[in-house]
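All of the numbers you see were taken from the coordinates with simple rules; none came from a lab. Just so we're clear, the structure is a prediction, and the values are computed from it rather than from any experiment. In this analysis, Cβ positions are derived from the backbone assuming ideal geometry, glycine residues included, and neighbour counts consider all displayed protein chains.
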Amino acid sequence: MSTENNILVKLDNAGYKQDNKWLVEGVSFTVEKGKIVTLIGPNGSGKSTTAKIALGFYKGIEGQVEKFTNKIGYVPQKISIDWTLPLRVNDFMLLTDKLSDDVVDEALKSTGVYHLKNKNLGNLSGGEFQRVLLARAISKKPELLVLDEPVQGVDFTGEIEMYELIKKISANLNCGILLISHDLHTVMSATDYVVCLNGHVCCCGSPTEVAFNKEYKALFGEQASKTLTIYEHKHDHVHTTDGEIKKN
Amino acid sequence: MLDDFFIRALIAGIGIALVTGPLGCFVVWRRLSYFGDTLAHSALLGVTIAYSMELNIAVSIFLISSLIALILIHLQRKTNLPSDALLGLLAHSSLAVGLVVIGFLTFIRFDIMGLLFGDILAVDKNDLIIIWFGGGLILLVLKFIWKPLFASTVNYELAEAEGLNPDRAKAIFTILLAAIIAISIKLVGVLLITGMLIIPTAMARNISNTPQKMVVFSIIGGLLSVFIGLFSSLEFNTPSGPSIITAALLLFIISLLKIKQTIQLKN
């Protein structure tokens, strides 16, 4: 299954030290084409740092990181746009690449924010902005997507929708996804491989393996193992983001 | 035609406004107003060094401002002081040292008011060459670094993740800022250059909804300020720098009315 040339990024015993303090150490995993790898862990456990190591942000890291692609889409954890910058969603989509109108429209449609195309970024809600960020990342047809808590601020039904979308992206574009989340519920269902971090790798494996791991239970509590049965709540209709109602 | 001091001042002003428009946008977007101020204050030191060592004023200011920018970046890394304190420290100490040096240079007559507030009579043909050649060069370099600079202004990490080089763009931009201060000091003066960068841009922000429009409007605002300011400077015998900045302020106030209108329209 995992042939060498499917690997997009490979971390081998990687770690990063700042001011003589390890932010994270001894992390090993690979992200392959078409696979979703999820990093979970409590606050300050080094999830974002690990993602940045994989992206190659830091100089002087421990261990080894090998990247086999340069087509990377990134959704950072915190991003604040200043009101001083009059930037519309469309300008934001074209920030670093010249994309055709069709590509932009398609990406915005797929995350359900096409109707916001000419709105000012400053006027978007947190959830809408998060969808725009995801649209921007996928519009470049990346081989590797790094998503740092991509659903923060998105409402609950939207959240499930977004994870469905992320699964779909991974299949359609055949890209590898490195996903960071603290949201145990939904993550478990949409993932091929889970790395549970707490300054180092606590445990890793398939969602089922991790969920029943002792250290995982110690970190998140007994309750967490039961989250594998995700919330399934059937609606007979769906609300699109522009407020319209779509019957199932 | 170039023998007329007013025509020279006008041509100089147009050249400056064409450059301060786009640079000013980045100063506002990146919240560098006080940084610009600090560089401008250090320019006085540059002037005194130019006089005492018989260097070209613009070159000397450019070198000193760049040096101050480097010192600032170094201090930001080495100390725990907040940036605004460091900016204040550098601005006022370089201004003070500049004035002390002037005190020692008793053998040269100084038009200190002219240095601080600009002098419409001071622009000679050499300055025109420096302004238009230097200004053209600044715009060319800015065009070259526009994409990484703009992307990292929106978000540093996105720009870096997508393979641009935001740190290099930032360093080059700092040098461009030192350069525009160096070439516009004679007309606008040490104390008011930051106003020339910021006020037309602030006016432009009020009436634009895209970055491109903001750049265009801020150039137009700068040009109008130069025209109105210089004509009134000639008419009322006021110093050129304050006249240009006052004109810019008037334009800003008018742009506020436009905001009010759009808000009313929305309701």
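In the list B:LEU116, B:LEU142, which residue meets the criterion of being over 20 Å from B:LEU223 (Cβ atoms), touching a residue at least 12 places away in the same chain (Cβ under 8 Å) and either in contact with a Ser or Thr (Cβ under 8 Å, 6 or more places away or on another chain) or away from chain A (no Cβ under 11 Å) (or both)? Walk me through how you get there before you give the answer.
Values: B:LEU142 fails: over 20 Å from B:LEU223 (Cβ atoms).
Every option except B:LEU116 fails the conditions.
Taking B:PRO166 and the conditions (1) free of Cβ contacts under 8 Å to residues at least 24 places away in the same chain; (2) within 14 Å of chain A (Cβ to nearest Cβ); (3) closer than 26 Å to B:ILE16 by Cβ, which numbered condition does it fall short on, given that it satisfies the others?
With (1) free of Cβ contacts under 8 Å to residues at least 24 places away in the same chain; (2) within 14 Å of chain A (Cβ to nearest Cβ); (3) closer than 26 Å to B:ILE16 by Cβ applied to B:PRO166, the lone miss is (3).
Being in a strand (DSSP E or B) and either away from chain B (no Cβ under 14 Å) or not acidic (Asp, Glu) (or both): is that true of A:LYS59 here? Don't jump to the end; show me each part of the working.
Numbers: in a strand (DSSP E or B): no; either away from chain B (no Cβ under 14 Å) or not acidic (Asp, Glu) (or both): yes.
So A:LYS59 does not fit the description; no.
Which of the residues that make up the stretch A:93-108 are in contact (Cβ under 8 Å) with a residue 40 or more places away in the chain and farther than 14 Å from A:ILE138 by Cβ?
A:LEU95
Is it true that A:THR69 is part of a loop (DSSP other than H, G, I, E, B) and without any contact (Cβ under 8 Å) to a residue 40 or more places away in the chain?
Against the criterion (part of a loop (DSSP other than H, G, I, E, B) and without any contact (Cβ under 8 Å) to a residue 40 or more places away in the chain), A:THR69 does not qualify.
Could you list, in sequence order, all residues of the stretch A:41-56 that are touching a Phe, Trp or Tyr at 6+ places or on another chain (Cβ under 8 Å), hydrophobic (A, V, I, L, M, F, W, C) and either within 11 Å of another protein chain (Cβ to nearest Cβ) or not in a helix (DSSP H, G or I) (or both)?
A:LEU55
Where in the stretch B:96-189 are the helices (runs of 4 or more DSSP H), entirely inside, with at least 2 residues that are within 30 Å of A:VAL146 (Cβ to Cβ)?
Numbers: elements: B:112-117, B:125-154, B:156-161, B:166-188.
In the stretch B:96-189, B:125-154, B:156-161, B:166-188 are the helices (runs of 4 or more DSSP H) which contain 2 or more residues that are within 30 Å of A:VAL146 (Cβ to Cβ).
Restricting attention to the stretch B:99-138, report how many residues are of a type in the set (Val, Ile, Thr), crowded, with 18+ Cβ neighbours inside 10 Å and within 23 Å of B:ILE11 (Cβ to Cβ). Quick ask: steps written out before the conclusion?
As a first pass, look at the stretch B:99-138 and keep what is of a type in the set (Val, Ile, Thr): B:100-102, B:106, B:108, B:112, B:120, B:123, B:129-131, B:138.
Add one more test, that the residue is crowded, with 18+ Cβ neighbours inside 10 Å, and what stays is B:102, B:120, B:123, B:130-131, B:138.
Still in the list and also within 23 Å of B:ILE11 (Cβ to Cβ): B:120, B:123, B:130-131, B:138.
Number of matching residues: 5.
One line per residue, one yes/no per condition, for (1) surrounded by fewer than 19 Cβ atoms within 10 Å (Cβ to Cβ); (2) in contact with a Ser or Thr (Cβ under 6 Å, 6 or more places away or on another chain); (3) under 22 Å from B:ALA69 (Cα atoms); (4) polar (S, T, N, Q):
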| position | (1), (2), (3), (4) |
| --- | --- |
| B:GLY195 | no, no, yes, no |
| B:ILE199 | no, no, no, no |
| B:THR210 | yes, no, no, yes |
| B:SER218 | no, yes, no, yes |
| B:LEU223 | yes, no, no, no |
| B:PHE236 | yes, no, no, no |
| B:SER243 | no, yes, no, yes |
| B:LEU250 | yes, no, no, no |
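Kindly check whether there is at least one residue in the stretch A:78-101 that is within 14 Å of another protein chain (Cβ to nearest Cβ), loosely packed, with under 15 Cβ neighbours inside 10 Å and within 20 Å of the chain's Cα centre (by Cα).
Checked the stretch A:78-101: at least one residue is within 14 Å of another protein chain (Cβ to nearest Cβ), loosely packed, with under 15 Cβ neighbours inside 10 Å and within 20 Å of the chain's Cα centre (by Cα).
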